[in-house]
Amino acid sequence: MSLALATVPIPLALVVIFISFIPLIFRRRFVSRLTVLNDLSFLGAARSDSQKIQGTAVVCGGSVAGLFAARICADHFTSVIVVEPEAWLKTDSNSNTEVESRSEPLYRIGHDNVHNLINPRKRVMHYTQRHIIRVDYQAILLDILHRLFTDVEEQAALLGATPQPADWKFTPSGIPFPVPYEEYNEETMPKALFFTRPGFETLLRKLVVKHCPQVKFIHGTVDGINPSSNDRTILESVTIQDSKSEKSWQQRAALVIDATGSSQAGYVRWLEAAGFGVGSPSRSGLAGLRKAYETRRWYITSNFKVGQHLQSRLPIPGGFGQPRILFIYTSDATREDPRSFIIARSEGGVVQFAHGGAAFVERPKTIDQVQKFLASMNPRGPLPKWVHETVEMLRECEEEATHSEMRIPTCSYIQYHKASDLPSNFIAVGDSFLRLSPAMGQGVTKSAMDATTLNALLTNAVGSAHSNSEKGRVALPVTFSKDFFDIQSLRLNDIWESTKASDYGIPGTVPCKDEYLEVGSWRRRYGKYTFILSLKDIRVASRIYHVQQFLAPETDLFLPSITYKVLWHVLKTTIGLA
C-alpha cells in the first residue's frame, strides 16, 4: 500500500471507493431497463408443445414488425396467423408454398436495373428509399437475427449480402468518425447486414416461412377487435375481412398484435370502437395518448445500375464487392444545416445516392446537380478523391438511373403505457405505436427490439388470473399488455426524445401539441458538443458508436467521464482555447 493511501482515513477511503462504483452500479440497471441486451439470451428458445400457450396469436400486418412478431409467437403459441392486406403477399391460409418459393428479392434485377420492383409496398412510404443520416441495420439487429434463425447468413448470401463490419463510414463535414476497431479483433467486431428495405423484408419473410411452418398468412384486413362477453378486459377474437371474397369472419385470438404500421389501426379504429380508452388521460380518451410532430425534411434516392465493365473501374475502397455503406457525409454539425449525402452499394449491382435536408430546394437528380449539391455543403475537410471520381464515372449510367423523392412523414408516439383500460392481450409493435423519422434509420432495429421484449415476456408467462382461463393452463397474465408497454416506454423513450430533439432543430418543424421547438434544446447542444469532441477523442467516439448500434444505453453518454470532457470542451470553446 502506498504511503499516500495509507494516510487517508479508512472511512473516507471507503466513501471514495463507493462513489467510484456508483456509475457502474447504475449502468447495470440502465442496461437492464433501457436496452434489450439482457433479454437476448431468451431468443430462439421454443416452448415444448405441452407448454405452449393454447390459442392463436393474430398478427395484424405482415411487414417487418409483423414478421418479427410472428417469429416470436411461433415459439410460444400453438397457432399463429398473419393478416396482410397487400395482395402480392397472399398465401393460402393452409400453405406457405407461395412465399417459400419466392427465391428472388422483391425487385427484378437485370439490364433494366433495380428500379422495377416486382411488387412495391404501397403502405410503406420509404420502401425504396435509402436513409440519409444513419443506416437501418445496426449491429444488434444481426445478433437478434442469429438467435432467431441459425441460417440467416446463408440465406442472406443467396440474396447477395454477407455480414460486414458495422461501420457506417460516417464523415461529418468531411471528417471521418472514428470507429473503435482497436477494441475488437476480426471475429468480435460488431457486424451488420446492409440491405435495401425490399431485400431485407424478403430475407425476413423467407426465414419466417422456412423456420415457422405453423405461421399461416391470410390475405385480408382486420376490421375490428371483440372483447370477451365474460370478461371485457380480454379480447376474445378479431374480425377479419377476406380481400378476395370480401366476406368477414371472427377469428379467436389469444393475443392480438397491431403491426399495421403507419395506419396505426389499433389506435385509430379498433380500441375505441370496442369501448376501450375512455378512462385515458385528459378526458380525451385515446386521442390524449398520441404525440406527433412534423419536420420539413425531404430526401431523394437515386439508383444507378452498374454493369460489370464499370464495376471493376470504380475507385471504391475495397472494390465493388458486397452490399455495404460506402460513405455517409453530413454538413457541419456546428451549423444548423441538416443536409446529408450517402453512397451505398446495394443488391443487384446497384449504386445508390441518397441526399436530402430541410426544405431541400435543390433536390438534385443529375450528376451535375449532385456535384453542385456536394460543393454547397462546405466541408471542413476535403471529400475523398474516390467520391468525386465515382460520382463523375456514374455519368455512364445516368440515362437509365431512376429517382424517387420523399418528404419525411409525421412522426408520432402513442403512449399506450398511460392508458388505463387496454385489453390485457393486446400490444402494438413497430410504427403502429412509435413512428420515428425514417431519415434516422432506426425502424427495422426498433421492430426487432419490440420482438425481443415480447419474447422475454412470453417466456415468463406461466399462468393467468383471468376468470375464463383453465386451471393450470399456460396463458397470458392479466398484466401482459401493461407490462409490455411499460417496458417499451422505458426502452424507446430515449430514442423518441433524442430524435425529436434533433428534428426540433430543423427550420420549419411543427412541434407536438403544447410543446415548443426549444423543448430538448439541451439535448441538441450536449449532443453537438459530444459529437464534435468524439472526432478527437476515441473514447467518446466509442461510447457514441455503441449507443448508435444499440449495444449500450444512451445514458452512457452522460457518464461522469464523458460529461466532464464535454463540459471542459465547452469551457475551452467559450474562452477561446479550443
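The values are calculated or read from the model by the stated rules, or taken from the named source; none is laboratory data. This is a predicted model, so every value here is computed, not measured. Reconstructed Cβ throughout: ideal geometry from the backbone, glycine too, with neighbour counts over all protein chains shown. Surface areas here come from the heavy atoms of the whole protein model, side chains and all, with no ligands, DNA or RNA. Shrake-Rupley method; radii C 1.70, N 1.55, O 1.52, S 1.80 Å.
Of note:
- Test result for Gly307, out of contact with any Pro (no Cβ under 8 Å at 6 or more places or on another chain) and modelled with pLDDT under 90: no
- The set of residues in the range 520-550 being part of a loop (DSSP other than H, G, I, E, B), at pLDDT 90 or above and within 29 Å of Pro409 (Cα to Cα) consists of Gln549, Phe550.
- Candidates in the range 319-344 are the residues that are modelled with pLDDT of 90 or more and not aliphatic (A, V, I, L, M); of these, the one that is surrounded by the fewest Cβ atoms within 10 Å (Cβ to Cβ) is Gly319.
- Residue check for Ile487: modelled with pLDDT of 90 or more and open to solvent by less than 20 Å² (accessible area, probe 1.4 Å): no
- Here Arg395, Arg345 are screened, and the one residue that is closer than 22 Å to Phe194 by Cβ and of a type in the set (D, E, K, R) is Arg345.
- Residue in the range 371-394 that is open to solvent by 60 Å² or more (accessible area, probe 1.4 Å), out of contact with any helix residue (DSSP H, G or I) (no Cβ under 8 Å at 6 or more places or on another chain), under 30 Å from Thr509 (Cα atoms) and part of a helix (DSSP H, G or I) present: yes
- Residue in the range 553-566 that is assigned to a loop (DSSP other than H, G, I, E, B), in contact (Cβ under 8 Å) with a residue 24 or more places away in the chain and not hydroxyl-bearing (Ser, Thr, Tyr) present: yes
- Residue within the range 15-32 that is open to solvent by less than 20 Å² (accessible area, probe 1.4 Å), in contact with an Asp or Glu (Cβ under 8 Å, 6 or more places away or on another chain) and modelled with pLDDT under 95 present: no
- The range 170-199 - residue that is within 24 Å of Ala45 (Cα to Cα) and either acidic (Asp, Glu) or under 20 Å from the mean Cα position of the chain (by Cα) (or both) and, of those, most open to solvent (accessible area, probe 1.4 Å): Lys191
- Residue match in the range 348-358 (condition: closer than 27 Å to Ala157 by Cβ, at pLDDT below 85 and not in a strand (DSSP E or B)): yes
- When every residue of the range 297-317 is checked against the conditions, none turns out to be assigned to a loop (DSSP other than H, G, I, E, B) and under 27 Å from Leu454 (Cα atoms).
- Qualifying strands (runs of 3 or more DSSP E) (wholly inside the range 200-287; at least 1 residues being surrounded by fewer than 17 Cβ atoms within 10 Å (Cβ to Cβ)): 215-227, 235-242, 248-252
- Looking only at the range 177-199, residues that are modelled with pLDDT of 90 or more and of a type outside the set (A, V, I, L, M) come to 11 in all.
- Yes/no for Ser237 being within 15 Å of Val80 (Cα to Cα) and either of a type outside the set (D, E, K, R) or touching a residue at least 12 places away in the same chain (Cβ under 8 Å) (or both): yes
- Failed item, numbered, when Ser404 is tested on (1) in contact with a His (Cβ under 7 Å, 6 or more places away or on another chain); (2) part of a strand (DSSP E or B): (1)
- Condition check for Tyr526 on (1) more than 30 Å from Ala456 (Cβ to Cβ); (2) open to solvent by less than 30 Å² (accessible area, probe 1.4 Å); (3) among the hydroxyl-bearing types (Ser, Thr, Tyr): one failure, at (2).
- Within the range 498-520, being free of Cβ contacts under 8 Å to residues at least 60 places away in the same chain, surrounded by fewer than 13 Cβ atoms within 10 Å (Cβ to Cβ) and not charged (D, E, K, R) holds for one residue alone: Tyr516.
- Elements of the type helices (runs of 4 or more DSSP H) sitting completely within the range 68-173 and holding at least 1 residues that are more than 24 Å from Ile53 (Cβ to Cβ), modelled with pLDDT of 50 or more and among the charged types (D, E, K, R): these cover 139-148, 152-158.
- The set of residues in the range 395-436 being under 19 Å from the mean Cα position of the chain (by Cα) and surrounded by fewer than 15 Cβ atoms within 10 Å (Cβ to Cβ) consists of Arg407, Thr410.
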